[in-house]
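The values are calculated or read from the model by the stated rules, or taken from the named source; none is laboratory data. Here the structure is a predicted model, which is why all the values come from computation and not from measurement. Virtual Cβ from ideal backbone geometry, glycine too; neighbours counted across all protein chains shown. Areas reflect the complete protein model, heavy atoms only, side chains present, ligands, DNA and RNA absent. Shrake-Rupley method; radii C 1.70, N 1.55, O 1.52, S 1.80 Å.
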Amino acid sequence: MPSRELYLHRELYLHEVVDIVGEGAMPYMAHTVAFDAAAAADRALALVGTWYTMGSTGRWPQVVNLWEVVDGWDGWRRLMQSTNLRRTQNPPLNDWWHKALKSRSGGFDRLLGAAPGCPTLAELRELGVKGSVFVHELSEVSAGAGLEYLAAVSGEWQPVMQDHGHLLVGLYEVLLTDREVVTVWATTPDAHCAFGEASADGSDPRITNWRVRSREFLTHWREELMTPGPDTLMSAGDSL
């Protein structure tokens, strides 16, 4: 059973799945990067990354944003007040939303709690984690098994992924539900394809073993690939 301290003091994140209008993915990501969180969200958000989903692997056109909530639950309280309860009194946010509507039609947001072993935004910056391809997992677990699954990912699966050129970006339990988890990994096209080949030909039995092991927690597993906004922290550019 996770300790009360974990629930009180872990980092919080906002995960956004954004429905994009037409060819609006790049303009929307640029608009997101330019977002003045200090003015519009009462200093409660810091951008981890913005990506567009590769249409051949998931829903399109779609953008995924990930924000770190500054100051944990206190920051979440400020965010609720500034972006919802006091929305009519927030001209910077209203202006940002009005411009965003040119590129988006709606979306679905999730409040996330970091699991042990999840790097913070400061740690991602310090470690220099970058990629041109990101693996985004949004999966379902048995009720209440999210943190157990993420502990297994951190201790058992992360070394395998790292050996195959995938760096951990995030391990998150979806809050306000007891059945969803999110993981994000940074990699390259070459590493992704080599990993796919190793999965298919059985050359690394650890992959097959993990698929069996993960079913102890998962009821539904799905990954998609994402490409980062070019001006974001972890973008390695188009050359890799």
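Listing for the model above:
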quantity: Whole-number percent relative contact order across the chain, with pairs defined as alpha carbons under 8 Å at least 6 apart; calculated: 25
quantity: Positive minus negative residues near H164 (Lys, Arg vs Asp, Glu; Cβ under 12 Å); calculated: -3
quantity: Accessible surface of E180 - all protein chains present, 1.4 Å probe, nearest 10 Å²; calculated: 40
quantity: Phi-based couplings in Hz for the stretch 52-65 (Karplus 6.51, -1.76, 1.60; Gly and Pro marked x); calculated: 10, 6, 5, x, 6, 10, x, 5, 9, x, 8, 10, 10, 10
quantity: Of the DSSP H helices in the chain, those whose Cα atoms cover at least 15 Å axially and whose Kyte score averages -1.0 or more; calculated: 189-201
quantity: Solvent accessible area, Å² - T208, 1.4 Å probe, full protein context; calculated: 70
quantity: Largest to smallest accessible area among D19, D190 [probe 1.4 Å]; calculated: D190, D19
quantity: Heavy atoms of T57: accessible area, 1.4 Å probe, square angstrom to 10; calculated: 50
quantity: About the Cα centre, charge dipole magnitude for the chain (Lys/Arg +1, Asp/Glu -1 at Cβ), debye; calculated: 660
quantity: Furthest towards positive pole of dipole, S214, S199, W185, structure part the stretch 184-225, Cβ charges; calculated: S214
